[in-house]
Each structure stands twice: as structure tokens, then as C-alpha cells.
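The values are calculated or read from the model by the stated rules, or taken from the named source; none is laboratory data. Keep in mind that this is a model prediction, so the values were computed, not measured. With ideal geometry, Cβ positions are generated from the backbone for all residues, glycine too; neighbour counts draw on all protein chains shown.
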Amino acid sequence: MDEIKEYFWEQKITRRQFLKKSFFFLALSLGLKDIEALALSDITCQKEAMFYKKIDELTVQCELCPRRCTLSEGQRSFCRVREPKAGKLYSLVHSKPCAVHIDPIEKKPLFHFLPATAVFSIATAGCNFRCKFCQNWQISQASPEETYNYELTPKQVVAETVKNNCPSIAYTYTEPSIFYEYMLETAKIARRSGIRNMYHSNGSLNPEPAQEIALYLDAANIDLKGFTQDFYNDYCAGYLDTVLETLKILKRSGVWLEITNLVIPTLNDDLEKLREMSLWIKENLGSDVPLHFSRFHPQYKLTSLTSTPVSTLDKARQIAMDSGLDFVYIGNVPGHMAENTYCPGCLKAVIERRGFTILSNNINPQGKCNFCGRPIPGIWA
């Protein structure tokens, strides 16, 4: 069965298509009983959600993110993965990742966290944003009925991480906060097993769940998608204030923090706003928080735009450095000198990169520059 499932996954056939178009083929191969079990497997696995309140016997309000969906029986949350039943709210994606991969940690991107190591990465269907430029829209903008889902419990995730010699787990690709219960349970087991946890998130969590997950995170990369609420309204369906508060919570909690800003031509590339964002980061999070300016390429609902000019990224980086940030990177431009990490003391390249590959590393196990001895903030060993 796994080989047949894998074929349909590679062909990018959704679970709904998988069941409709392939029913007879699979029935012959596996038997009708097995097919019926497969058809039900993804939607019968439910876990009571955290962070919700009961309104009445049939209505609940989710309190995980600022959207605070109020749901009655038969309704689905905005993120597509939460549903009430008999006055309780359930997650439909616990132990049901639709993406399972081993990545270089640099892909997240995390440049100051265990460089040149592999990270076991998982995601489920769904998201609480509607970004028009999403690079993983096939799964982030899908419900769990529309994706092919693995069956992988938190214990199995940790076991596979250990088996594949990965020192960390990443909750990534879609929006990990929408599979919060799955992430939290996995992170707790991982912590006890000596495995580190990181997530790449849009930062759209209410303070209480943000503080809870921060207890078990070692690192995070948060997408700061723009620096105006208008941009979040028009292109993300999100809330800037919540993202900024989540960044402050993670920093206060001691989570190693990096930030990514996808620079999109004409939409969020105003240089004065980028300056304002950079100054906010320095004043509220500190000069040592790495900022990644990432190059946009046309995709999903923004195919009419052009790719970000590299000159715009260069200007953004210079503005951020002039604003007092010590570590400013340019992403999606392989071979650019701003992929490297430079020591703020001697200005030499202490880590040289090309894409996701480390070419040289001159940070010693104590986290200091091999050239001048200055400490380089991060988690290096």
C-alpha cells in the first residue's frame, strides 16, 4: 500500500482525487475493505483541541489565534483543521502530516542554529493565513481531506528523527500553530530525548499558546511579511500586531530567533518601511537577531509580478545594517555575498555559504570567531 500511495503523492494527486479516480485500481490491488479503511483514516483521527472555550452546548470559540473562530456543529475553522462536536473542539490533523522531509537547517532558514546539520521536518494541511504569494499553497490552502496524509504519531516523529541522525525537528512548510497539539506533544517528547525543536511560523498565535510552545522551542524563524496592517489585510489576511507580540514573547522566552521578510516588488518594498521595520527589530528584539531578506519569485496568485531586483535586496540589507542590525542576509540569490555570516568585530566571513551548503565555518564550539575571538550569537553545538 505504501508504494501505491507514494506514487500518487509523487504525481501530486490530492487525497480526494486519490479516492475518486483510483478507487477501482486500488480495490483490485488492495481489496475493497482496505480502501474503505484508507478513505476514513484521515478524518476519523481527532484530538481534542487546546485553547478554546464553550459558548453553549453546540458552540465553541477557538482561542488559539487572533481570528478566534466561533463554530457550531458542522462548521470548520478558518484554518480548515478544527471542528466542533458535541460542544468540544477537535483538531483533525493530529499525527497526520502531509509533508515529511529531511532538510538542511539552512533551508528554514536558520543561519545561527546548528549549521550544516539535518532537520526532520513535518507539516499538516491548513493555515490561518491566506498569503497570495505562498510557496506551499498546495498544502497550506488545503483541508486535510484534500492532501495525502502520513500516519505518524509524536513518538514516531521523534523515533524517525533519531533514526535519521537529525539533531532537531522542524514544524514548518504550512503554519505549525494550526497543528499546535501535534507540535506541542512532539516537542515535549523530543525535549526529553535530547532532540531540539524549531518552527517556521507566521507568528499568528495568541499570547497564552505562544508562551506555552516557547517553553519547548529552541529556535524559531518568524515570517514578518510586511510592516503595515494594510499589507497584512490585502495579501495575507493576518494581523501585524499579533506577529510583533509573538516575536517579543519568543525573545523573552529565550528562544533563538531569526526573522524572514519576503521582499515583493511594489507591495512591501518601500525602503522607509523597511527602515522602520529594522529599527523596530533592533529596539524590541536586539541587534543580534538575524534578519533574512528573501527574494520573491512569481507564484500562486501573484504571477503577474516580476522577481525582486537584487538591487532592492542590497538596499534593504544596507538599510537594516545602518539601523544597527548585526546580521542581515539575502536569500534566494545563490552565490550572493550576503549569504555569509560576518563577524561584527573583525568583519571577516566566519561562515561561508552557497545556497544551503556550508563552504567553511570559522566559529569555534564556544561560539566565538576564530579570527578575533568575538562571540557570535547563536546555538552552534
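Only a single criterion out of (1) aromatic (Phe, Trp, Tyr); (2) over 21 Å from Asp269 (Cα atoms); (3) not in a loop (DSSP other than H, G, I, E, B) is not satisfied by Phe371, namely (3).
With segment 45-164 as the region, which strands (runs of 3 or more DSSP E) entirely inside it contain at least 2 residues that are free of Cβ contacts under 8 Å to residues at least 40 places away in the same chain and in contact with a Phe, Trp or Tyr (Cβ under 6 Å, 6 or more places away or on another chain)?
59-62
Condition first: surrounded by fewer than 16 Cβ atoms within 10 Å (Cβ to Cβ), free of Cβ contacts under 8 Å to residues at least 24 places away in the same chain and not in a helix (DSSP H, G or I). Can you find one or more residues in segment 233-246 that meet it? The answer is no; no qualifying residue exists. When residues in segment 190-229 are screened for being among the small types (Gly, Ala, Ser), without any contact (Cβ under 8 Å) to a residue 40 or more places away in the chain, out of contact with any helix residue (DSSP H, G or I) (no Cβ under 7 Å at 6 or more places or on another chain) and in a strand (DSSP E or B), 0 of them pass.
So that you can scan it fast, the table gives a plain yes or no per residue for (1) without any contact (Cβ under 8 Å) to a residue 40 or more places away in the chain; (2) crowded, with 16+ Cβ neighbours inside 10 Å; (3) part of a helix (DSSP H, G or I); (4) not assigned by TED's automatic domain parsing to the domain that holds Ile139:
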{"position": "Glu276", "(1), (2), (3), (4)": "no, no, yes, no"}
{"position": "Lys282", "(1), (2), (3), (4)": "no, yes, yes, no"}
{"position": "Asp288", "(1), (2), (3), (4)": "no, yes, no, no"}
{"position": "Tyr300", "(1), (2), (3), (4)": "no, no, no, no"}
{"position": "Ile319", "(1), (2), (3), (4)": "no, yes, yes, no"}
{"position": "Ile330", "(1), (2), (3), (4)": "yes, yes, no, no"}
{"position": "Leu347", "(1), (2), (3), (4)": "yes, no, no, yes"}
{"position": "Ile351", "(1), (2), (3), (4)": "no, yes, no, yes"}
{"position": "Ser360", "(1), (2), (3), (4)": "yes, no, no, yes"}
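With the requirement that a residue be among the small types (Gly, Ala, Ser) and either surrounded by fewer than 16 Cβ atoms within 10 Å (Cβ to Cβ) or closer than 18 Å to Arg80 by Cα (or both), what does segment 145-172 give you? Residue satisfying the conditions is Ala159 alone. Of all residues in segment 272-318, those satisfying the criterion of being of a type in the set (A, V, I, L, M), out of contact with any Pro (no Cβ under 9 Å at 6 or more places or on another chain) and closer than 24 Å to Ala220 by Cβ are Leu274, Met277, Leu279, Ile281, Leu285, Leu291, Leu313, Ala316.
With respect to Phe371, determine if the residue is surrounded by 14 or more Cβ atoms within 10 Å (Cβ to Cβ) and within 22 Å of Leu240 (Cα to Cα). So Phe371 does not fit the description; no.
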